[in-house]
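Some notes on the structure that comes next.
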Amino acid sequence: MPTTHPEVVPHPEIETEQQYVRELYGRLDAARDLAERRLKQAISWPAVDPQALQERDATVRFQTERVTALDAAEAGLCVGRIDRADDGPLYIGRIGLAADDAGGDPALVDWRAPAARPFYTATPVHPLGVSRRRHIRTRGRTVVRLDDEVLTDGVAGSGLTGEAALMAALDTARTGRMTDIVRTIQAEQDRIIRADDRGVLVVQGGPGTGKTAVALHRAAYLLYTHRERLARRGLLVVGPTPTFLRYIADVLPSLGETGVLLAGLGQLRPGLDARGTESPETAAVKGRLEMVEVLERAVADRQVVPDGPREVTVDGFALRLRPIDVRRAQNAARRAERLHNLARPVFARRVVDLLTKRYAERIGAGIDAADLLDREDTAALRREVAEKPAVRLLVDDLWPVLTPERLLTELFADPARVAAATPGWDDATRALLHRPRGSAWTPADVPLLEEAEELLGFDDSAQRARAERDRRRRLAEAQETLDVLHGSRSIDLEDEHLEAEVLSAGDLISAEELADRQRAVDTRTTAERAAADRTWTFGHVVVDEAQELSAMAWRLLVRRCPTRSMTAVGDLAQTGTLAGAAAWDETLRPHVGDAWRLEELTVNYRTPAEIMAVAADVLAAGGTGASAPRSVRPGTAAPWAEVTGEAALAGRVAEVVEGWTAHEGTTAVVAPAGRVAELTAAVAARVDVVTSGPEADSSRGPVVLTPGEAKGLEFDAVLVVDPQRVLDEGVRGHNDLYVALTRATQRLGILSPGDLPAELDRLA
């Protein structure tokens, strides 16, 4: 049952706490000044050898992160305090600050530290040595509110930690950006945040249970607990849409963590931003695990054995290559290297060697080439054959160098290639893969491109050769510099005895060390380096809206995190794609075996009880068997529905949105995809700024979204348009309508051009 809002009264100890908070900010300022001085000192260090250079760069990165964390802590430095029965008070904050005396408690305990845990988990029944818990709310550097809970009476309350502080946070108008929940973390959330990082932790939770906030705070907790490892390997957060990633972008920086890579599935391949669209059925086919075998066959299909002999002309001689010759060369290449592009040089050498032999035989007119040509002559002939354009074209035709993009483009554009790669498929399913050249890449293509890269390989011999030439050049220049310095010393000194005692530059540093110092230093953050390197493996991966991922997407993520240290948050009742999860076990077992475990969040903190009752009817009608989470608060405005008729629908939507924008907070229109453009235009005629699609940003004004685009987001006011069409057009229509109805934190309205669906009879 929803709880009532606790009464808010002025607190007599605000001034006392204000004085202590001022002291904390004084320590914060001092710590920041110290970090900034150390950063400037580190930047100016004279690094005379590679090790010193490495130490300097590490110090620069550490102090930069320290300054960033201290700046982030400025907003709401102290979040609360616990009074312990057997000891003094302990203050909890966004970061830790040391006390003056070495043996005493910290002036401020980081919320992630073990000592801070009772602040989130102590209850009257299990007080954990805490007699009172105080939530401290600040605006800037000023304490504006205190909320106390006495935990020594042993009487169970609502089950909420800091109920007054929680309700105040829930009632606050949204800004279009997610904020952290450090002040109001609940016990069931804290347990998940602090869980160990082994294997895949799946967090199943309905709308409004705080899944995303828990996942992000868990990321911050793991970065705090495993700082060295995760700072080196990095942490990846995967979200469903660009709008969602923009919505959560401020949370980790507000917790002092800036080295985390946030990306959608379409951005996980460096240099590619895949935002194309395709049918749900096509995306589902691309998401099947059997696409691995399809790609393997597609690669093998590009290693061609001709039906008959192939001829090339070299200096007027026709040289013949038989199918058996090609097959033998291919077999030799495959034995040498399993990856297509890396095996190609072996194939090319075999073909060129054979053509050279036959060229030599034609030159000798029947005389044994071994008797006619010596080794140098043979090498010269080989170079001549290899450089012929006709020979190069022949090799490229029989075993081309392929990029993943070329492989997939030419596969999907050619029905014959698709048919060869999909034996046993029916024509209708094959047709789903067909698309013309030049089509935009979609998120479902990214796992396929990455899988193709694993099959093709990349021949980096040219890059390695360039790097070696660059290293030798720097080494030669360094040696030349040292020689000049050594020579100038001898000229300047007349006393031979004195000269012998003076150290030269060469005595202090070798040419190799000097050359290393001249190498460009990589100053990018871990996240920036990871984003540019497709072979990068992360220390931990967080996946939001994980129920939407296909099997191929999971395969990609596990490859990027081979330790399987992952946090996956989602709700099976909100799955909106054909390729998404119906059960966590069958989704994860093919990729991680038994190395996963499930936690559930059961309390809805976002959605008022009256709105949740409407959504629960839709959930029940969908037949998933899932239960709606329990709302903790009643609403201030009853949800409503209105039948407008088709002609008046767009105008009525614009009228409602215009009225809602007079209130503080954010507004969203959630509608079927086919209505988004029309409704965006209608709202734009009445409101200054309205955005939609990937560019939707509720911090600027109202947004118009499909249910899929709204997933994971929340708004003060939500207007759901044409619910029957949402049900009819969605591949999982009841799930889509359930998502749309549960985005609201305060007000929900429904506009329908015709009769309301039976699932909404409660509002009829």
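The values are calculated or read from the model by the stated rules, or taken from the named source; none is laboratory data. In this text the structure is predicted, and so the values were computed from the model without any measurement. With ideal geometry, Cβ positions are generated from the backbone for all residues, glycine too; neighbour counts draw on all protein chains shown. Calculation scope for accessible area: heavy atoms of the full protein, side chains included, ligands and nucleic acids excluded. Shrake-Rupley method; radii C 1.70, N 1.55, O 1.52, S 1.80 Å.
Scanning region 13-54 for residues that are assigned to a helix (DSSP H, G or I), more than 37 Å from the chain's Cα centre (by Cα) and hydrophobic (A, V, I, L, M, F, W, C) yields one hit, 14.
Close contacts from region 616-640, counting a first residue that is under 19 Å from residue 751 (Cβ atoms) and a second that is assigned to a strand (DSSP E or B) and open to solvent by less than 40 Å² (accessible area, probe 1.4 Å), with Cβ to Cβ under 6 Å and a gap of 6+ residues or different chains, come to 639/748; 640/749. When region 661-682 is filtered for residues that are more than 20 Å from residue 725 (Cα to Cα) and aliphatic (A, V, I, L, M), only 662 remains. Taking residue 195 as the residue in question, decide whether it is closer than 22 Å to residue 122 by Cα, free of Cβ contacts under 8 Å to residues at least 24 places away in the same chain and either over 19 Å from the mean Cα position of the chain (by Cα) or not in a loop (DSSP other than H, G, I, E, B) (or both). So residue 195 does not fit the description; no.
Here is the figure for region 561-590: residues that are acidic (Asp, Glu) and either part of a loop (DSSP other than H, G, I, E, B) or crowded, with 19+ Cβ neighbours inside 10 Å (or both) total 1.
The sole residue among 732, 652, 700, 675 that is among the charged types (D, E, K, R) and touching an Asp or Glu at 6+ places or on another chain (Cβ under 7 Å) is 675. Note on region 171-223: among residues that are of a type in the set (Lys, Arg) and open to solvent by 30 Å² or more (accessible area, probe 1.4 Å), the one that is farthest from residue 234 (Cα to Cα) is 174. Within region 650-672, restricting attention to residues that are aliphatic (A, V, I, L, M) and not in a helix (DSSP H, G or I), the residue that is farthest from residue 161 (Cα to Cα) is 671. In region 619-649, of all residues being more than 22 Å from residue 733 (Cα to Cα) and outside any loop (DSSP other than H, G, I, E, B), the one that is least open to solvent (accessible area, probe 1.4 Å) corresponds to 631. The residues of region 650-686 that are among the hydrophobic types (A, V, I, L, M, F, W, C) and under 17 Å from residue 176 (Cα atoms), listed by number, are 657, 660, 662, 668, 669, 670. Over 22 Å from residue 258 (Cβ atoms), in contact with a strand residue (DSSP E or B) (Cβ under 6 Å, 6 or more places away or on another chain) and among the hydroxyl-bearing types (Ser, Thr, Tyr): is that true of residue 120 in this structure? For residue 120, the condition - over 22 Å from residue 258 (Cβ atoms), in contact with a strand residue (DSSP E or B) (Cβ under 6 Å, 6 or more places away or on another chain) and among the hydroxyl-bearing types (Ser, Thr, Tyr) - is not met.
Taking residues in region 390-402 that are outside any helix (DSSP H, G or I), and partners anywhere that are aromatic (Phe, Trp, Tyr) and at pLDDT 95 or above, the pairs with Cβ atoms closer than 8 Å and at least 6 places apart or on different chains are 399/347. Take the conditions surrounded by fewer than 20 Cβ atoms within 10 Å (Cβ to Cβ), more than 29 Å from residue 626 (Cβ to Cβ), in contact with a Phe, Trp or Tyr (Cβ under 7 Å, 6 or more places away or on another chain) and at pLDDT below 95 and apply them to residue 141. Does it pass? Taking the combined requirement at face value, the residue satisfies it. Residue pairs whose Cβ atoms lie under 8 Å apart, sitting 6 or more positions apart in sequence or on different chains, and linking a residue in region 275-290 that is touching a residue at least 24 places away in the same chain (Cβ under 8 Å) to a partner that is part of a helix (DSSP H, G or I) and among the β-branched types (Val, Ile, Thr), are 285/429. Count of region 40-63 residues, restricted to those that are among the aliphatic types (A, V, I, L, M), open to solvent by 60 Å² or more (accessible area, probe 1.4 Å) and free of Cβ contacts under 8 Å to residues at least 40 places away in the same chain, is 1. Counted as qualifying within region 677-752 are the strands (runs of 3 or more DSSP E) with 2 or more residues that are more than 25 Å from the chain's Cα centre (by Cα), namely 715-721, 744-752. Here residue 130 meets the list (1) open to solvent by 40 Å² or more (accessible area, probe 1.4 Å); (2) β-branched (Val, Ile, Thr); (3) more than 22 Å from residue 217 (Cα to Cα) almost entirely, failing just condition (1). Restricted to region 378-389, and to residues there that are open to solvent by 70 Å² or more (accessible area, probe 1.4 Å) and part of a helix (DSSP H, G or I), the residue that is farthest from residue 345 (Cα to Cα) is 389.
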